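Quick notes on the structure that follows.
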Amino acid sequence: MIEPTSQPQSLPLSGVSPDEYANLSLWGRFNHWLEKRSALVLIMPAILLVLFLSLFPLVISLFLSFSRFQFVSGGFSIRFVGLANYNKLLFGSEQRRLLGDFGTASPPGFVLGVVFLLVMIVMLVQYVRSKRFSWVGLFFRLIAILFAMALAVLCIVTLGEDGIPGALVVTLIFVFAGVALQYGIGLGLALLVTQNIRGKRFFRIVFLLPMMITPVGIGFLFRMLTNTIVGPFAPLWQAAGLADFSFVETATGARIAVIIAETWQWTPFMFIILLAALESTSHEIVEAARVDGAGKWAMFRSIILPQIAPVSFTLILIRTIEAFKIIDLPNILTYGGPGTATESVTLYAYNQWRALDLGLSAAIAYLLLIVVTFVAMVYVRIIRRRVVVD
Amino acid sequence: MLDRFFKSPDPFRPSPARLVFTYLVLGFWTFVVLFPLYWLFITAFKTPVDVFTGPKYIPWVDFQPEMFAWNDMIVDTGITFITRPYSNTVVVGLVSSLLAIIIGTGAAYALARFDYRPKLAIIGMFVLALVLSVILVGAGLPWYLGVGIAMAIFFAVAYTVGRRFKGHMGNNDITFWLISQRMLPTIIVIIPIYVLFQQLSLLDTRQGLIIAYMTVSLPLVIWFMGDYIRNIPLELEESAFIDGASRYLVLWRIILPLCVPGLIATFLIVLVFNWNEYIMALFLTRAEAQTMPLLVAAQNATRGPQWWNISLLVLLMIAPLIILALVLERYIARGLLIGAVKG
């Protein structure tokens, strides 16, 4: 399937003449083959593993998502049902749980939606007037804008008055709020630690620790910490008159608790790499700018930020992709509750799997894949061109 | 006087005012990080009474630390209650991370040094063959027959018709394809893997978990190590080839020693993911191969909120990783930065 075209010239064993080859032992011939085919031998294990445990399951999942899976006496039956699962999720009985209850947009939400739409239109106009314009590009951009608007409207409508956000919107909130907080705090801490101060090493090590802890453990840890009766902050809650209040029993409180726990765990990842990036930025330029009398903000904006932009781009991409898969934290911290207030898409799919509705579970997973791929592609398309100078 | 507080005498050191601000913020975050860990630690030494009669902060002052939870979890419940999941986590975590590093680094090296030209048409045929096999199995054939027939057709067509097509992809496409596997939500692949492992009797075994973890770790390894290896100049290898070294010897003796910081950082990251992995273990194990995250997660259902016991389990589980992080801290940032910086 994959044929290497260029072999390095100076391979010692591939230079064996036919006569010599005939005299080789079986082991020698095996070595000869191993060397001649090293390009394939090195890459095939990875390709085969990913093929059989990623691509193959992906195809099966697609098939499952179009079918109804049932356990019958002595085994199971799979019946092809077309788009019924997707129909149920997007328009039918499961719509409430995946997408949420539609309310009416609140005024700030409405304004936000209009601004969002205007930004899209401006970007589209810029594209049409630029040199890179092509009809195919325009077509894909129009589809992307429709999809993005659909997601934006969904968020605005379900978060507005009388609306209840579903698993998809909740996951989007977790991802965007979580990643933004992690990056912001991580960058702030990294900027402070790069200064010429004492105790650098101490802060580096301490700030790294939360990343090592299992999300399941963090779930329990924050259950203890947010307890208003026996948790460590109980006196504070009582002083504020909130003794009967429980974080994990109100929808907003539970979501905030999940975001805080997620931020606590993953800020170290941002911090440690941004710190290394900041420390490797060129000191000459910074010093030159300082001599020229550049202010703190101007220095950060036009000298430091461009240097760490490529790393930031990759970091945010990694964290966004990983954050979409969130399941263990809400599952332990809030059990997805109260009700389904903190149910992420993956948790929803898992709950459906436990209810033995494998077809629906696979369909949910596929919808998540579509959203993740879309967000990642749009992010790469829009941001990469601006920050990564090749 | 006040001026001296806001202006630094030495241009390379922050001014005193800035220093105060810096230490306040960093001190606050140190508290944010360490306090939950401190609370976890002391809760593991509390008795139920100490936990439920309101918050107790300082051992020997507020409460008398006791080995109540240790006794309860380790002596009363039986030592295998902890040792079995613990050894599973250790073995599965270490072996899968190590294998992922070996296979992933090999692939990353190959992608950096060889040119691959997989033909588009053959890839398309392969995907079609996969679809065909799924349809055959769905139609009622046993899985080995379905897959076998589809693969036979694929090889027959690929080696006759497939060679005529010209369009091909390059190394960047392969790399992107491998790395993009990380984007797949675990839940999407885990249901078929569950069925597959059931057929191969790999459910609830360490081997099954190792294979699964290895696969999901590969993209990260290829991503991080790929850029690391591309930064190593070719000349180093070429001189070795002229001296008659084989490809594998060069990889082992020249490339790997230069990658040590990257290897350590990548290993640690992958190990953290595999050590703490939850959802795949949830699907693929029952009792025999149960790992620590599952044991911890199950506590609330089986025992109610026995926080002293849960704290102890979490503490035991995270201790090795924390020690490892303290020892290897130097390598993490440096190793990851070179790998991730180019994206």
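Where a number appears in this text, it was derived from the coordinates with a stated rule and is not lab data. All values derive from a computational prediction rather than experimental measurement. Ideal geometry is used to build each Cβ from the backbone, glycine not excepted, and the neighbour counts take in all protein chains shown.
Take peptide B:248-256, look around each residue's Cβ out to 10 angstrom, count Cβ atoms belonging to other protein chains, and average those counts.
For this peptide, the per-residue mean of nearby foreign Cβ atoms is 1.
Taking just the alpha carbons, could you work out the radius of gyration and Dmax for the range B:53-133, both in angstroms?
Using the Cα atoms of the range B:53-133, the pair Rg, Dmax is 26.5, 74 Å.
Can you give the angle from 0 to 90° between the axis of helix B:80-113 and the longest principal axis of chain B, with both taken from C-alpha atoms, to the nearest 10?
The angle comes out at about 50 degrees.
Distance from the Cα centre of the range A:353-375 to that of the range B:226-264, in angstrom?
For the range A:353-375 versus the range B:226-264, the Cα centre distance is 42 Å.
Tell me, what is a quarter of the convex hull surface for the C-alpha atoms of the protein assembly as shown, in nm² with one decimal?
Numbers: hull surface 160.7 nm².
Dividing the Cα hull surface by four gives the mean projection, 40.2 nm².
Under a GNM of chain B (C-alpha, springs under 10 Å), which listed residue has the highest mean-square fluctuation: B:L120, B:L26, B:L315?
B:L26
Could you give me the percent of Cα pairs per 10 Å distance bin for the range A:36-127, shortest bin first, beginning at zero and ending with the bin that holds the maximum distance?
12, 18, 21, 22, 19, 7, 1
Residues of A:273-279, mean number of Cβ from any other protein chain within 10 Å of their own Cβ, rounded to a whole number?
Mean shielding by partner chains, rounded to a whole number: 4.
Under a plain spin-label model, where a point goes 7 Å from the Cα along Cα-to-Cβ, how far apart in nm are A:L191 and A:V114?
3.3
Given an 8 Å cut-off on Cα distances and at least 6 residues of separation, report the relative contact order of the range B:139-296 as a percent.
The normalised contact order for the range B:139-296 reaches 30 percent.
How crowded by other chains is B:103-110, given as the mean number of beta carbons from other chains within 10 Å of each beta carbon?
Values: counts 8, 3, 2, 7, 8, 3, 3, 11.
Counting Cβ atoms of other protein chains within 10 Å of each residue's Cβ and averaging gives 6.
Rounded to the nearest 500 deg cm²/dmol, what is the calculated helix-only ellipticity per residue at 222 nm for chain B, with -39500 (n - 2.57) per DSSP H run of length n ≥ 4?
So the helix-based figure for chain B works out to -23000 deg cm²/dmol.
With contacts defined as alpha carbon pairs under 8 Å and 6 or more residues apart, what's the relative contact order of the range B:120-175 in percent?
Value for the range B:120-175: 46 percent.
Cα-based Rg of chain B per 2.2 N^0.38 Å, rounded to two decimals?
With N residues counted in chain B, Rg over 2.2 N^0.38 Å equals 1.32.
List the residue ranges in chain A for DSSP H helices whose C-alpha atoms run 27 angstrom or more along the long axis and whose Kyte-Doolittle average is 1.0 or above.
A:107-129, A:135-159, A:167-194, A:251-279, A:358-387
For a quick size check, give me the Cα extents of chain A along its three principal axes, largest first, whole Å.
Between the extreme Cα coordinates on each principal axis of chain A lie 91, 79, 56 Å.
If the elastic network links every pair of Cα atoms under 10 Å, which of B:I187, B:I82, B:I264 fluctuates the most in the Gaussian network model of chain B?
Looking only at B:I187, B:I82, B:I264, the largest GNM fluctuation is found for B:I187.
Tell me the angle of helix B:186-199 to the major Cα principal axis of chain B, expressed in degrees between 0 and 90 and rounded to the nearest ten.
Its long axis makes an angle of about 70 degrees.
When 1/r is averaged over all different Cα pairs and the result inverted, which Kirkwood radius in Å belongs to the range A:304-390?
The Cα-based Kirkwood calculation yields 14.8 Å.
Using DSSP to call loops (not H, G, I, E or B), can you name the chymotrypsin sites (Phe, Trp or Tyr not before Pro) in the range B:34-80 whose Cβ has at most 10 other Cβ atoms within 10 angstrom? Before the final figure, lay out each step's value.
Values: sites: B:Y38, B:W39, B:F41, B:F45, B:F52, B:Y57, B:W60, B:F63, B:F68, B:W70; in loops: B:F45, B:Y57, B:W60.
Here the sparse-neighbourhood loop sites are B:W60.
With a 10 Å Cβ neighbour count serving as the proxy for reagent exposure, in which order, fewest first, do B:M214, A:M123 appear?
A:M123, B:M214
Computed over the Cα atoms of the range B:119-168, what is the convex hull's projected area averaged over all directions, in nm²? If you can, show how the numbers build up before the last one.
Values: hull surface 11.9 nm².
Reported value for the Cα convex hull: 3.0 nm².
Go ahead and set up a Gaussian network model of chain A, Cα springs under 10 Å, then flag whichever of A:I285, A:I43, A:I205 fluctuates most.
Of A:I285, A:I43, A:I205, the Gaussian network model singles out A:I43 as fluctuating most.
Report the relative contact order of chain B, percent, no decimals, based on alpha-carbon pairs under 8 angstrom and at least 6 residues apart.
26
Going by average Cβ neighbours within 10 Å, how do the peptides A:233-239, B:180-186, B:283-289 rank, with the highest at the top?
In decreasing order of mean packing, A:233-239, B:180-186, B:283-289 become B:180-186, B:283-289, A:233-239.
If you project the alpha carbons of the range A:103-162 onto the principal axes, what extent comes out on each, in Å, largest first?
45, 16, 8
Taking other Cβ within 10 Å of each residue's Cβ, how do B:V92, A:V115, A:V371 sort, fewest first?
A:V115, A:V371, B:V92
By how many degrees, between 0 and 90 and to the nearest 10, does the Cα long axis of helix B:143-160 differ from the longest principal axis of chain B?
50
May I ask you to sort A:V122, A:V375 by Cβ crowding, counting other Cβ atoms within 10 Å and putting the fewest first?
Numbers: A:V122 10, A:V375 21.
Listing A:V122, A:V375 from fewest to most nearby Cβ atoms yields A:V122, A:V375.
From zero outward in steps of 5 Å, how is the percent of C-alpha pairs of the range A:167-342 spread across the bins?
Here the calculated profile for the range A:167-342 is 1, 8, 14, 17, 15, 14, 11, 8, 6, 4, 2, 0.
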